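For reference, the structure discussed in these notes is given below.
Only the coordinates and a few stated rules stand behind these numbers; no lab work does. As the structure is a prediction and not an experimental result, all values here were calculated from the model. Positions of Cβ are backbone-derived with ideal geometry, glycine not excepted, and every protein chain shown enters the neighbour counts.
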Amino acid sequence: MSNTAAETSTAGRIVLEAEDIHKSFVSGTSTVEVLRGVNLRVRRGEMIAIVGASGSGKTTLLQILGTLDTPDRGRLLFEGRDLAALNEAEISRHRNRNIGFIFQFHHLLPEFTALENIMMPGMIRGQKKRELKKQAQEILDQINFTDRGHHRCGELSGGEQQRVALARALVMQPTLLLADEPTGNLDSAGGQRIFDLLRDMSRSLSLSVVMVTHNLELAGAMDRCLTLKDGILHH
């Protein structure tokens, strides 16, 4: 099959499906129901923004989609496979291989270089260092950051660190990228640069992106913008 035919065959395929997701938390003597039956389908190469008031449950939903948390009720399927059927080790492998994460606070290791930080997910997987270094260098080239790869992350600006965080999220070539306020700590120009990189990567890699954001301008530039309100995701 040619590359073009392969791309066509995967385009529009459902990558992630959340069905009737519920999540509650106990606060003192009361129970707070944060998610009350969320339904979501994410297709291959699609970019989805999720907006909503602070405390509406956006981050909780993102953590459930990324298998960092579990729902009280509901189903989560990845490429048709029910994730509830996986044990803890299998869930960890799924997360490492299929999902990339980028957060408002980048969680880089400041004493390591940009290149070393990008290599971390592969080192966790036990990948060969030479092969991993090559992949990390290719990602640096893609985000036009080649000349800064050997700088320690503590020496980089906030926008540069977020670019490294994006490269780290993409180095294992995930199918799905989950982004929680990735531009929240940046000025408008820096935020736009990160968003442009996200969009470029989505297009070139057929990468699905779900991004939580308060930036309505960036949200409006994505394929779909959904609002989380009263525990329901409104399409």
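A few remarks follow.
- Listed residues Ile99, Thr70, Thr60: farthest to the positive end of the dipole of the range 1-159 (Cβ charges): Ile99
- Within a Gaussian network of the chain (alpha carbon springs, distance under 10 Å), most fluctuating of Thr67, Thr113, Thr31: Thr31
- Under 5 Å between amide hydrogens, built in the peptide plane, is the criterion, and for Arg43 it picks out Val15 among residues at least 5 positions away or on other chains.
- Partners of Lys129 within straight-line reach, counting lysines whose Cα lies under 30 Å from its Cα and excluding those fewer than 8 residues away in the same chain: none found.
- The chain: antiparallel DSSP beta bridges as a percent of all, rounded to 5: 55 percent
- By other beta-carbon atoms within 10 Å, ranking Met211, Met119 with the fewest at the front produces Met119, Met211.
- When the charge dipole of the range 91-194 is built from unit charges on Cβ atoms (+1 for Lys and Arg, -1 for Asp and Glu) and taken about the Cα centre, the candidate among Gly184, Ile194, Gly122 whose Cα reaches farthest toward its positive end is Gly122.
- Membrane-span-like helices of the chain, defined as complete DSSP H segments with a Cα extent of 24 Å or more along the helix axis and a mean Kyte hydropathy of at least -0.5, are identified as 188-205.
- Springs between Cα atoms under 10 Å define the GNM used for the chain, and in it the highest mean-square fluctuation of His22, His107, His94 occurs at His107.
- Computed over the range 110-205: relative contact order in percent, which uses C-alpha pairs under 8 Å that are six or more apart: 32 percent
- Candidates Gly55, Gly122, Gly158: whichever shows maximal mean-square fluctuation once the chain is modelled as a Gaussian network with Cα springs under 10 Å: Gly55
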